Amino acid sequence: SGLVPPDSGEIILDGKNINHTPPGKRGIGMVFQDYALFPHLNVEENIFYGFVSQGMSKKEARKAIAPLVELFHLEALQKRKTDLLSGGEKTMTAVALLFATYQVRPSPFCLLDEIDAALDEANVLRFVQTLREFGNVSQYIVITHNKRTVAGAGTLLGVTMEESGVSKLITIKLENDG
């Protein structure tokens, strides 16, 4: 993601070296395992922020919230502050916030660091389906230990260490039935 400057090498995006480009100017989405929610805002306001922070008018954003709230089954939580949410509810709110920003300004790829860790099975499946639906807009790099999330991937990337100090990248392309 480039939050920490590299010790060596280059970060290349669209053929350009972005080593010295501030992270906020790179157009790369990222959600950490510990969420990226605004604790002083409720669920609805967090999602609203995703729209307006990317340039959508407040009037348009108010209309755009409902489909995301419904998609992530957050209807009963809209007015609840984020510090009163369970881990799974925080995850779904963070993902809704991410997709609100992507509906206005998609980025070429997004890094999701174990964001599915707190989700129950139904929400993991909902999360995976949403990634597939938005996959035509952005590529998602998902760091996970969840078998259901892995099963929904198009490509698996792994790093192994067959001998001490030597890492090897493994790529497996998967065929999914939908």
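Here ILE141 clears all of (1) in a helix (DSSP H, G or I); (2) of a type in the set (Val, Ile, Thr); (3) open to solvent by 50 Å² or more (accessible area, probe 1.4 Å) except the condition numbered (1). The set of residues in region 135-170 that are touching a Leu at 6+ places or on another chain (Cβ under 9 Å) and modelled with pLDDT under 85 comprises GLY154, THR155, LEU156, LEU157, GLY158, VAL159, THR160, LEU169, ILE170. Restricting region 144-169 to residues that are of a type outside the set (Lys, Arg) and within 21 Å of GLY88 (Cβ to Cβ), the residue that is most open to solvent (accessible area, probe 1.4 Å) is HIS145.
The values are calculated or read from the model by the stated rules, or taken from the named source; none is laboratory data. The shown structure was predicted, so the numbers you read here are calculated from the model rather than taken from an experiment. FYI the Cβ positions are ideal-geometry reconstructions off the backbone, even for glycines, and counts take in every protein chain you see. Only protein heavy atoms, including side chains, enter the accessible area calculation; ligands, DNA and RNA are left aside. Shrake-Rupley method; radii C 1.70, N 1.55, O 1.52, S 1.80 Å.
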